[in-house]
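A short worksheet on the structure shown next.
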Amino acid sequence: MTQALAAAPDIVVTPQPTGFGAEIVGLDLSKPLSPQVLAQVKAAWASHSVVAFPDQPLSLEALEAFTQAIGPFGVDPFIAPMAGHPNVLELRREPDEKATNFGAGWHSDWSFQKTPPAATLLRSQVVPPVGGDTLFADCSRAYDALSDAMKAMLAPLRAVHSATRAYGTQGVFAKETEKRTMEIIVSSEADKTLSHPLVRTHPVTGRKALFVSPTYTVGIEGMTLKEAHAILGFLFAHMTQDEFIYRHNWRKDMLLMWDNRCTVHLAEGGYDGHLRVMHRTTVAGDAPV
Ligand code: SIN
């Protein structure tokens, strides 16, 4: 289904066939958007969770400006930003790199923060000829598909989040021996934990979504690790089933904006021997409720 948005007839929002994610054309994001068009973009993003804007050859400054039109920058820890662009990360993997590609496990960005980012924006600069897809799981639809009994059991639970498995002193990056172009900052700060509701309510749509991921969720408050692993293991397998997935296949100069409040994502890799360069910003969010 393709629908022209009423107040902005030149914008066309085409939902992905799976019903999760959409493509938006008819915009030049290198220029400021009118308040009406911006509202349409935000509404499409809230409805579809992952929106792709093809053919947007944006400068870093234009990427920064569009990000700030969506909302204030988020805080990106543990990765050195680009020189002169403190709110932009370059996700760069050289053809000869053997280290695992960045973002290779399912996660919602920085969910271990007190106020994790609402949005992440990722723009493709150099796209490899094979591989490099980003997969998204729809955590709202995954929640809806649970039984009422399971929903009732999950309702009062708080999940424990931490960056420790990735950026902690004993984490994956601390133990890495292969060369990596991206400058990762391993820190004991990453070993800290905090908890969020395991099921969160989206502040715009009011929909409930599972808010856990195998990368950053390390337990459930009040439960033994064995108990938490059993429940989380079930949820991770449930939410990443094919029926909840949108696979994003990149072309050069695409901008993707996703909603970290109701999705998890994974960078698939599969492009060894080829360069991949992406530029990434985040938009601040609220404390999950
Ligand atoms: C990420 O932000 O997790 C990386 C996504 C990607 O590089 O496709």
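For residue 28 and residue 175, compute 0.36 nm times the residue count separating them, minus their Cα-Cα distance, and round to one decimal in nm.
Full-extension gain reported as 48.6 nm.
Could you give the nm distance between label points at residue 241 and residue 275, where each point is 7 Å from its Cα heading toward the beta carbon?
A separation of 4.3 nm, rounded to one decimal place.
Can you tell me the relative contact order of the chain? Whole percent, Cα pairs under 8 Å, sequence separation 6 or more.
For the chain, the relative contact order is 34 percent.
Say we join alpha carbon atoms closer than 10 Å with springs in a Gaussian network model of the chain; which of 272, 96, 253 then has the biggest fluctuation?
96
Which listed residue (95, 235, 136) has the Cα farthest towards the positive end of the charge dipole for the chain, taking +1 on Lys and Arg C-beta and -1 on Asp and Glu C-beta about the Cα centre?
Toward the positive end, the furthest listed residue is 235.
Beyond 22 Å, what share of the Cα-Cα pairs of the range 138-217 remains, rounded to the nearest whole percent?
41 percent
Would you mind checking which residues have amide H under 5 Å from residue 182's amide H? H placed 1.01 Å from N; only 5 or more apart, or other chain.
92
Quick one: among 233, 132, 103, which has the greatest mean-square fluctuation in a GNM of the chain with alpha-carbon springs under 10 angstrom?
Of 233, 132, 103, the most mobile in the Gaussian network model is 233.
Just for the Cα atoms in the range 5-74, what are the lengths along the principal axes, largest first, rounded to whole Å?
Principal extents (Cα only, largest first): 33, 24, 22 Å.
Please return the longest range in the chain lying between exposed loop sites, taking trypsin sites (Lys or Arg not before Pro), DSSP loop only, at most 14 other beta-carbon atoms within 10 Å, and leaving the sites out.
In the chain, the maximal stretch lacking such sites is 1-97.
Which length gain, in nm to one decimal place, applies between residue 39 and residue 225 when the Cα-Cα distance is subtracted from 0.36 nm times their residue separation?
62.6 nm
Any chance you could get the radius of gyration and Dmax over the Cα atoms of the chain, in Å?
Cα-based Rg and Dmax for the chain come out at 18.5, 54 Å.
Over 21 Å apart: what share of the alpha carbon pairs of the range 155-289 falls there, rounded to a whole percent?
54 percent
Of all alpha-carbon pairs in the range 238-277, indicate the percentage at a distance above 13 angstrom.
Roughly 67 percent, rounded to a whole number.
So, in Å, what gap is there between the alpha-carbon centers of the range 22-99 and the range 216-278?
Result: 19 Å between the Cα centres.
Roughly how many debye, to the nearest 20, is the charge dipole of the range 77-200 about its Cα centre, given +1 on each Lys and Arg Cβ, -1 on each Asp and Glu Cβ, and no other charges?
It works out to roughly 280 debye.
At 0.36 nm per residue, minus the direct Cα-Cα distance, what do residue 145 and residue 100 gain on full extension? Give it in nm, one decimal, please.
So the chain would gain 12.9 nm between residue 145 and residue 100.
Compare 129, 77, 117 in a GNM of the chain, Cα atoms joined below 10 Å, and give the one with the largest fluctuation.
129
Which of the lysines could a cross-linker span from residue 252 if the Cα-Cα distance has to be under 24 Å and same-chain partners fewer than 8 positions apart are dropped?
Candidates past the 8-residue exclusion: 31, 42, 98.
Taking R0 as 25 Å, what's the FRET efficiency between residue 155 and residue 191 from their Cβ-Cβ distance, rounded to 0.05?
Working from the Cβ atoms, E equals 0.30.
Here, each number is a calculation from the coordinates, and none is a lab measurement. This is a predicted model, so every value here is computed, not measured. All Cβ positions, even for glycine, are placed from backbone atoms using ideal geometry, and neighbour counts span all protein chains on display.
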